[in-house]
1. Quick one: Asp57 ticks every box in (1) more than 30 Å from Pro93 (Cα to Cα); (2) more than 17 Å from the chain's Cα centre (by Cα); (3) not β-branched (Val, Ile, Thr) except a single one, so which number is it?
2. Can Phe70 be described as without any contact (Cβ under 8 Å) to a residue 40 or more places away in the chain and buried (at least 16 other Cβ atoms within 10 Å of the Cβ)?
3. In the range 5-55, how many are out of contact with any Gly (no Cβ under 8 Å at 6 or more places or on another chain), in a helix (DSSP H, G or I) and not acidic (Asp, Glu)?
4. Regarding Ser39, is this residue hydroxyl-bearing (Ser, Thr, Tyr) and more than 30 Å from Ser10 (Cα to Cα)?
5. Taking the criterion of being surrounded by 10 or more Cβ atoms within 10 Å (Cβ to Cβ), among the aromatic types (Phe, Trp, Tyr), out of contact with any strand residue (DSSP E or B) (no Cβ under 6 Å at 6 or more places or on another chain) and without any contact (Cβ under 8 Å) to a residue 24 or more places away in the chain, would at least one residue in the range 15-25 satisfy it?
6. Can you pull out the residues in the range 28-52 that are under 10 Å from the mean Cα position of the chain (by Cα) and not basic (Lys, Arg)?
7. Looking at the range 28-66, which of its residues are in the same structural domain as Asp9 (by TED's automatic domain parsing) and more than 16 Å from Ala18 (Cβ to Cβ)?
Amino acid sequence: MLDNDMAVDSSVSIALGADFDGSYADSNALALALGRSASVRECFARHAFRASAGRSDALVAPSELKFLEFWASLPPDKQGNVVETLVAFVRSPLFAHRRAE
């Protein structure tokens, strides 16, 4: 049985050379920092593209980079939005114009 009176220290310091490096009082503060991180947002967009395209091999890498350029043109407040990132994929020229294999 879990004792609800036990304190959990979820403080953390991160030093990875990333834009979210720092010390955080708890996991909530870390989650907020990750949500504001430009590199984490770009990583999400990259993986959303890969999942939507159904592949991540070298042949699709140029299309992935084009999508990231398209995504980067969105206003910053939309870049951090999951739905807007998926909508950006559908609105990108890559969605409608695919190269035959």
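The values are calculated or read from the model by the stated rules, or taken from the named source; none is laboratory data. Bear in mind that the values here come from a model prediction, so they are computed numbers and not experimental data. Every residue, glycine as well, gets a Cβ built from its backbone with ideal geometry; the counts of neighbours run over all protein chains shown.
1. In the conditions (1) more than 30 Å from Pro93 (Cα to Cα); (2) more than 17 Å from the chain's Cα centre (by Cα); (3) not β-branched (Val, Ile, Thr), Asp57 misses (1) alone.
2. yes
3. The total comes to 21.
4. no
5. For the range 15-25, residues surrounded by 10 or more Cβ atoms within 10 Å (Cβ to Cβ), among the aromatic types (Phe, Trp, Tyr), out of contact with any strand residue (DSSP E or B) (no Cβ under 6 Å at 6 or more places or on another chain) and without any contact (Cβ under 8 Å) to a residue 24 or more places away in the chain: present.
6. Passing the criteria: Leu34, Gly35, Ser37, Ala38, Ser39, Val40, Glu42, Cys43, Phe44, Ala45, His47, Ala48.
7. Across the range 28-66, the qualifying residue is only Asn28.
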